[in-house]
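The values are calculated or read from the model by the stated rules, or taken from the named source; none is laboratory data. Since the structure is predicted, the reported quantities are computational estimates derived from the model, not experimental observations. Cβ sites come from the backbone with ideal geometry, for glycine too, and all protein chains shown count toward neighbours.
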């Protein structure tokens, strides 16, 4: 039996050229691959959040188009990496069609390959603490604004998404997005966070 492809091939751009909520749901169980200085790192995606267009008061485009959020307007399949609290760099992938803003925030991962390097990047933190938050997963995988903001995540170079094992509908639960107290109630309470049920991660 032949060995599985390594490193795995990137998902096509068409995967991301869809509604943000569809992409957020279907990224669960997929893999995030980083061809890093320490070698190939692969992590399974276990939690995501969807963000919409200017009508979504939780999204960075809610106040219009700016040089910072320009990448969110397409083309899909590119990275939007931003800094929060002056400390944490968060990875998003641009969704929707070119010209229509949207993104999915990567919120949590579990290691598949290269775990020792990820644990080292997290200063020895393993288990749930390795990647159970968007800042933690970026640190574990070595994802920075300088290296990856606006990067093409469909090129198969540097950083990309791979097929992995898509989650079945019964393995997924939803809930409100995290850390968006500033948003309008209808957006704050929208069930746009997607995560694998305990035992499926």
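Check residue 18 against each of (1) in a loop (DSSP other than H, G, I, E, B); (2) surrounded by 17 or more Cβ atoms within 10 Å (Cβ to Cβ) and name the one condition it does not meet.
Every listed condition holds for residue 18 apart from (2).
With the requirement that a residue be assigned to a loop (DSSP other than H, G, I, E, B) and either surrounded by fewer than 16 Cβ atoms within 10 Å (Cβ to Cβ) or free of Cβ contacts under 8 Å to residues at least 12 places away in the same chain (or both), what does the range 179-188 give you?
179, 181, 182, 184, listed by residue number.
Please enumerate the residues belonging to the range 108-136 that are under 14 Å from residue 47 (Cβ atoms) and at pLDDT 95 or above.
108, 109, 110, 130, 131, 132, 133, 134, 135, 136
What number of residues in the range 83-95 are within 15 Å of the chain's Cα centre (by Cα) and either at pLDDT 95 or above or on the phi > 0 side of the Ramachandran plot (or both)?
Applying the first criterion (within 15 Å of the chain's Cα centre (by Cα)) to the range 83-95 yields 83, 88-95.
Narrowing further to those that are either at pLDDT 95 or above or on the phi > 0 side of the Ramachandran plot (or both): 89-95.
Counting residues in the range 83-95 that are within 15 Å of the chain's Cα centre (by Cα) and either at pLDDT 95 or above or on the phi > 0 side of the Ramachandran plot (or both) gives 7.
Go through the range 39-64 and count every residue that is assigned to a loop (DSSP other than H, G, I, E, B) and exposed (fewer than 14 other Cβ atoms within 10 Å of the Cβ).
Qualifying residue count, the range 39-64: 4.
Only one of (1) surrounded by fewer than 18 Cβ atoms within 10 Å (Cβ to Cβ); (2) more than 14 Å from the chain's Cα centre (by Cα); (3) touching a residue at least 12 places away in the same chain (Cβ under 8 Å) is not met by residue 168, so which one is it?
Result: residue 168 passes all but (3).
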